[in-house]
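Engineer: My questions will all concern the structure given below.
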Ligand SMILES: Nc1ncnc2c1ncn2[C@@H]1O[C@H](COP(=O)(O)OP(=O)(O)OP(=O)(O)O)[C@@H](O)[C@H]1O
Ligand SMILES: [Mg+2]
């Protein structure tokens, strides 16, 4: 069945389109805002998108622009913009952003279907519609509820586990631009290229990204933070967004060690996240911060189901038991990782992550389990994508 993605915030339009399209034998997925639309484009691999212009979070023009930037060569999903105005300017803007056609609301069912079918026919004869583009890589954000809880440790080792246990192509991004630790954890000198080498170029493309990625012996590719803190400020959210969009077309997983400050740069990472791991330990200041972070993410509009609580050093004595912590937060931890200080600290100080050098340690085994659960969580989407291909 041909899958259509409807991106519109108006429940009436959603209902109308869902009904009409289902009657015509289409499968329909609906997104209520631009960010969700972009996400479903990646996970659902629709054959065509009906895209409203005025949307929350990302408007229709931005969604179309991002999709066109992220599509691989020779790939093109047909997009029909839905606009409320007859102004030529809006239409031109839509077409320039990458739309193939537009309809002015309210439109006639017959006209909508005719335009959809002509676009589907045109693009299916050219490249088989929709599923030709492999789904976007998953972006996993590791976000520490406070400093020193093990965010970097877990981001690095999980990234390695996806490659070693599941043969995934993995990009690991050090998003802590001022004081990123990946060079220390991975024993890499300050001469290695970093994300700040991207920003001097007029535009970021796949070749440029490839030229700054650093290959690690464990088989993953790294996008490092700049070697000196003052260069961290060179990277702005638009560039971070562009870099992540491209990385998602090149890798199965993009794992990001995220800066704690909840500013524009952090949000430009979290906007991409399929899962946000909020890393914490069982102590009072973490519990307080986790509550604040969950509230803030909710206010910004992140779907609660994408946010996972990760309790690190779960069996360390802190005076607060796992049950008490879960009780205080009124929810359960999705993931728990054991406390094994010797393994963690010696891996860090020798610059060899435990998932690579000590795969049989409990710490590495539990990190591998986390990776396996994430794999399982994404499996249905991957299957759906290959079915529609
Ligand atoms: N599961 C664990 N068991 C024992 N020690 C751990 C564990 N995870 C991390 N550590 C140790 O905790 C310390 C902090 O780890 P890490 O640097 O990864 O935290 P972080 O949250 O990234 O810190 P920062 O806020 O400085 O970025 C390190 O010494 C690390 O070895
Ligand atoms: Mg860190």
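Nothing in this text is a laboratory measurement; each read-out follows from the coordinates by a stated rule. Note that this is a predicted model, so its numbers are computed, not measured. We place every Cβ from the backbone using ideal geometry, glycine too, and count neighbours over all the protein chains shown.
Engineer: Please list 236-245, 150-159 highest first by mean number of surrounding beta-carbon atoms within 10 Å per residue. Walk me through the intermediate numbers first.
Structural biologist: Numbers: 236-245: 19.3, 150-159: 26.2.
Final packing ranking: 150-159, 236-245.
Engineer: Now, a different point. When the helix-only estimate is applied to the chain (DSSP H runs of n ≥ 4, each -39,500 (n - 2.57), divided by the residue count), what is the mean residue ellipticity at 222 nm, nearest 500 deg cm²/dmol?
Structural biologist: Details: 15 runs with 178 residues, N = 389.
-14000 deg cm²/dmol, from helical runs alone.
Engineer: Which order do the peptides 186-198, 252-264 take when ranked by the mean count of other beta-carbon atoms within 10 Å per residue, highest first? Spell out each step's value before the answer.
Structural biologist: On the way: 186-198: 16.9, 252-264: 20.8.
So the order, starting with the most tightly packed, is 252-264, 186-198.
Engineer: Rounding to the nearest 10 and keeping the result within 0 to 90°, find how far the Cα-based axis of helix 88-97 lies from the longest principal axis of the chain.
Structural biologist: Taking Cα atoms only, the helix is inclined about 40 degrees.
Engineer: According to the Cα gyration tensor, what semi-axes, each the square root of 5 times an eigenvalue, does the equivalent ellipsoid of region 3-127 have, listed from largest to smallest in whole Å? Intermediate results must be reported in sequence, preceding the final value.
Structural biologist: On the way: eigenvalues 65, 60, 47 Å².
Those come to 18, 17, 15 Å.
Engineer: Looking only at Cα atoms, what is the convex hull volume of the chain per residue, in Å³? Provide the component values of the computation, followed by the final result.
Structural biologist: Values: hull volume 54.9 nm³, N = 389.
Cα convex hull per residue, to the nearest whole number: 141 Å³.
Engineer: Which of rounded, prolate, oblate describes region 1-67, given a ≥ b ≥ c as roots of the alpha-carbon gyration tensor eigenvalues and a/c under 1.5 marking rounded, otherwise prolate only if a/b is larger than b/c?
Structural biologist: Because a/c hits 1.5 or more and a/b fails to exceed b/c, region 1-67 counts as oblate.
Engineer: Can I ask one more? On a 0 to 90° scale, report how tilted helix 284-300 is relative to the longest principal axis of the chain, with both axes built from alpha carbons and the result rounded to the nearest 10.
Structural biologist: Once rounded, the angle reads 10 degrees.
Engineer: Roughly speaking, what is the centre-to-centre gap between region 1-72 and region 226-249 when only Cα atoms are used, to the nearest Å?
Structural biologist: About 28 Å separates the Cα centre of region 1-72 from the one of region 226-249.
Engineer: Same structure again: Expressed in nm², what is the orientationally averaged projection area of the convex hull enclosing the Cα positions of region 132-211? Before the final figure, lay out each step's value.
Structural biologist: Details: hull surface 29.2 nm².
So the Cα hull casts an average projection of 7.3 nm².
Engineer: At a 10 angstrom cut-off on C-beta neighbours, averaged per residue, how do the peptides 39-51, 280-292 rank from highest to lowest?
Structural biologist: Working: 39-51: 23.8, 280-292: 18.2.
Descending mean neighbour count gives 39-51, 280-292.
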